[in-house]
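The structure appears right after this line, and notes come after that.
The values are calculated or read from the model by the stated rules, or taken from the named source; none is laboratory data. Here the structure is a predicted model, which is why all the values come from computation and not from measurement. FYI the Cβ positions are ideal-geometry reconstructions off the backbone, even for glycines, and counts take in every protein chain you see. The protein model used for the area step is the full one, side chains on, heavy atoms only, and it has no ligands, DNA or RNA in it. Shrake-Rupley method; radii C 1.70, N 1.55, O 1.52, S 1.80 Å.
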Amino acid sequence: MGDDITLLVNPAAGRGGGSRAALRAARVLRAAGFSVRAVTGVDAPDAARRAREAVADGTGALVAVGGDGVVSLALGAVAETSTPLGIVAAGTGNDTARACGLPIRAPEAAATLMAEALAAGASRRVDLGRVGERWFAGVLAAGFDSRVTDRGNRMRWPRGRLRYDAAVLAELAALHAVPCRIRLDGGPWSERDITLVAVGNGPSYGGGLRICAGARPDDGHFTVTVVGRVSRTTLVRVYPRVYRGTHLGHPAVSAFTATRVELDAPGVTGYADGEPLGPLPLTATCVPGALRLLAPPAGAGSGG
Ligand SMILES: Nc1ncnc2c1ncn2[C@@H]1O[C@H](COP(=O)(O)OP(=O)(O)OP(=O)(O)O)[C@@H](O)[C@H]1O
């Protein structure tokens, strides 16, 4: 594996800040002695293909520059390989970087940590979720929250966390529970009316909404949050508590841990790391240590 670094840049991430973040990170990495090249791609599939090529060509590290979307593309290239992933979080939500304790909207700090980790030959093993050929680092969402993501992705305004809040308000008007079948670790199917189900490798989505509070990306399993049938009033009252993760104490909310989660519900689309996976049914599996993450040697769980 070479000592060059490939930046996978989403120029549009974070209101067009992706390119600026890449320039700032590249400056730090070059000053630390690394050879750096940036790839973008004309669209997301092209970017994903270029990332896979860089990994196949033996790049020393792949660094995703942007939000959770470009990290998600990068995962498809590096998962279950020995190529480490760095993250320069410059997007809207940045939940994967947040879950891994990496700097957010601080490209120089992120690049400095990466350079230190590469120089020390250190990386941290992180679990990933897998659905078919797709990988995710954060949360797989289905139900109310996938409809919110769908709407949020279509909205151009407002920006950041406010966009998710606005999408939540719009979807509240159409709130309904759906019958959902859930099976954990190959056990018996359970069927119930749900408002949403979230399968967390990491704890948050939507820029810090801690829907699967307690999930850690290095604990070897998912943390699953199921919200049963709730009224609009209850959802409005409980929603702000999701930022602190205290919604888990509500009687309509159940939490489980599992390494394999099967979900089936009519007319529901699954989203992972904010990207559409397709309609249910789907099966998510937690793959322990599937990712080598460039993180400081002193980071929790370092090694590998
Ligand atoms: N290099 C790229 N070229 C084109 N599209 C990309 C690229 N990288 C990521 N994307 C797509 O752009 C979308 C947004 O990416 P990302 O999450 O990195 O930015 P963001 O500003 O945080 O996004 P969002 O507005 O969704 O919160 C995703 O759907 C992702 O697949």
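Select, from Ala215, Ala198, the only residue that is part of a loop (DSSP other than H, G, I, E, B) and touching a Ser or Thr at 6+ places or on another chain (Cβ under 9 Å).
Exactly one residue qualifies, and that residue is Ala215.
Any idea which residue in the stretch 115-147 is nearest to Ser204 (Cα to Cα), counting only those that are among the β-branched types (Val, Ile, Thr) and open to solvent by less than 10 Å² (accessible area, probe 1.4 Å)?
Val139
Among the listed residues Ala13, Ala21, identify the single one that is among the aliphatic types (A, V, I, L, M), in contact with a Lys or Arg (Cβ under 9 Å, 6 or more places away or on another chain) and either crowded, with 23+ Cβ neighbours inside 10 Å or not assigned by TED's automatic domain parsing to the domain that holds Leu113 (or both).
Going through Ala13, Ala21 in turn, the sole match is Ala21.
Of the residues Arg244, Arg292, Arg210, which is among the basic types (Lys, Arg), without any contact (Cβ under 8 Å) to a residue 60 or more places away in the chain and in contact with a Pro (Cβ under 9 Å, 6 or more places away or on another chain)?
Arg210
In the stretch 68-92, how many residues are open to solvent by less than 10 Å² (accessible area, probe 1.4 Å) and assigned to a loop (DSSP other than H, G, I, E, B)?
Looking only at that region, the number is 3.
Can you find a residue that is acidic (Asp, Glu), modelled with pLDDT of 95 or more and either on the phi > 0 side of the Ramachandran plot or near the ligand (Cβ under 10 Å from one of its atoms) (or both) anywhere in the stretch 54-61?
No - not one qualifying residue is present in the stretch 54-61.
Check off (1) within 14 Å of the ligand (Cβ to nearest atom); (2) over 21 Å from Val287 (Cα atoms); (3) assigned to a helix (DSSP H, G or I); (4) open to solvent by 10 Å² or more (accessible area, probe 1.4 Å) for Ala38 and give me the number that stays unchecked.
Unmet condition: (3).
Which of the residues that make up the stretch 34-54 are touching a residue at least 40 places away in the same chain (Cβ under 8 Å) and small (Gly, Ala, Ser)?
Selection gives Ala51, Ala54.
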